[in-house]
1. Here are some conditions: (1) surrounded by 10 or more Cβ atoms within 10 Å (Cβ to Cβ); (2) of a type outside the set (Val, Ile, Thr); (3) free of Cβ contacts under 8 Å to residues at least 60 places away in the same chain. PRO100 meets all but one. Which one does it not meet?
2. List every residue pair whose Cβ atoms lie under 7 Å apart, where the two residues are 6 or more positions apart in sequence or sit on different chains, the first residue falls within the range 161-189 and is more than 16 Å from ARG112 (Cβ to Cβ), and the second residue, located anywhere, is β-branched (Val, Ile, Thr) and in a helix (DSSP H, G or I).
3. Among the residues in the range 110-125, are any open to solvent by less than 10 Å² (accessible area, probe 1.4 Å) and either in contact with a Ser or Thr (Cβ under 9 Å, 6 or more places away or on another chain) or not polar (S, T, N, Q) (or both)?
4. In this structure, does VAL159 turn out to be at pLDDT 90 or above and either open to solvent by less than 40 Å² (accessible area, probe 1.4 Å) or farther than 18 Å from ASP21 by Cβ (or both)?
5. So GLU25 fits all but one of (1) open to solvent by 60 Å² or more (accessible area, probe 1.4 Å); (2) outside any helix (DSSP H, G or I); what number is the exception?
6. Could we say that VAL176 is assigned to a strand (DSSP E or B), surrounded by 14 or more Cβ atoms within 10 Å (Cβ to Cβ) and not basic (Lys, Arg) here?
7. So, in the range 105-153, exactly how many residues are closer than 19 Å to GLN172 by Cβ, at pLDDT 95 or above and in contact with a Phe, Trp or Tyr (Cβ under 9 Å, 6 or more places away or on another chain)?
8. All but one of (1) exposed (fewer than 13 other Cβ atoms within 10 Å of the Cβ); (2) in contact with a helix residue (DSSP H, G or I) (Cβ under 6 Å, 6 or more places away or on another chain) hold for ALA87, so report the exception by its number.
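The values are calculated or read from the model by the stated rules, or taken from the named source; none is laboratory data. Just so we're clear, the structure is a prediction, and the values are computed from it rather than from any experiment. FYI the Cβ positions are ideal-geometry reconstructions off the backbone, even for glycines, and counts take in every protein chain you see. Remember, those area values only see protein heavy atoms, side chains included, never the ligands or the DNA or RNA. Shrake-Rupley method; radii C 1.70, N 1.55, O 1.52, S 1.80 Å.
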Amino acid sequence: MPSTTPAPSDDQSPASRALADAVREIEHHVATAGWDAPVRVFALVRTQAALDAEPSLAAQLSPETLAAAQAQSWHLTSIEQEGLPQAPDLETLLAGLSWPATVDGVAVTAERVVLPPAAEARMPSDPDEALPWLLAHPDRQDVRLAVGVLREGSTWCAVRTRANDSDDQVGQGPDVVPGLVSALRATLA
């Protein structure tokens, strides 16, 4: 994935910039654990609002984070969700999630295998045959998706390929993974 995808610009809203920062931070955090990881889900909350509601949280945050939260009203803290319900796939998991109004947004990381469209058209239709075929295909690409959405409408996506597993090779943009953006947005409804 080329690194030419721009980061959020100064003309974007504070919420959009904060979300892009949070998604990049989440993707980097997940990347440090390596590949072949499970789906991970994160609630996104405005840091200052979280501190107002739970002052003891300040002891868990760095001085830099506390200063950023005071300076930027949209500074976000990600809270990884543990004990997620069992689900046969990501779509089913997301369809079963909902968030209280105190959660400003949500982010998810997931790994997928992708093929060029021409190769995908030749994939066997039988699921028992398709998976081994897909995993053995020479043109397959393993990708990690990190996608976030905010209640106010902002979206941000980051995509890292196993073949170019470097922080400076992460593709980014607001609508890189539109299907996952829509599924996440539905959890906030």
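1. The failed condition is (1).
2. ASP175/VAL181
3. Scanning the range 110-125, I find at least one residue that is open to solvent by less than 10 Å² (accessible area, probe 1.4 Å) and either in contact with a Ser or Thr (Cβ under 9 Å, 6 or more places away or on another chain) or not polar (S, T, N, Q) (or both), so the answer is yes.
4. Against the criterion (at pLDDT 90 or above and either open to solvent by less than 40 Å² (accessible area, probe 1.4 Å) or farther than 18 Å from ASP21 by Cβ (or both)), VAL159 qualifies.
5. Unmet for GLU25, out of (1) open to solvent by 60 Å² or more (accessible area, probe 1.4 Å); (2) outside any helix (DSSP H, G or I): (2).
6. So VAL176 does not fit the description; no.
7. Summing the residues that are closer than 19 Å to GLN172 by Cβ, at pLDDT 95 or above and in contact with a Phe, Trp or Tyr (Cβ under 9 Å, 6 or more places away or on another chain) in the range 105-153 gives 12.
8. (1)
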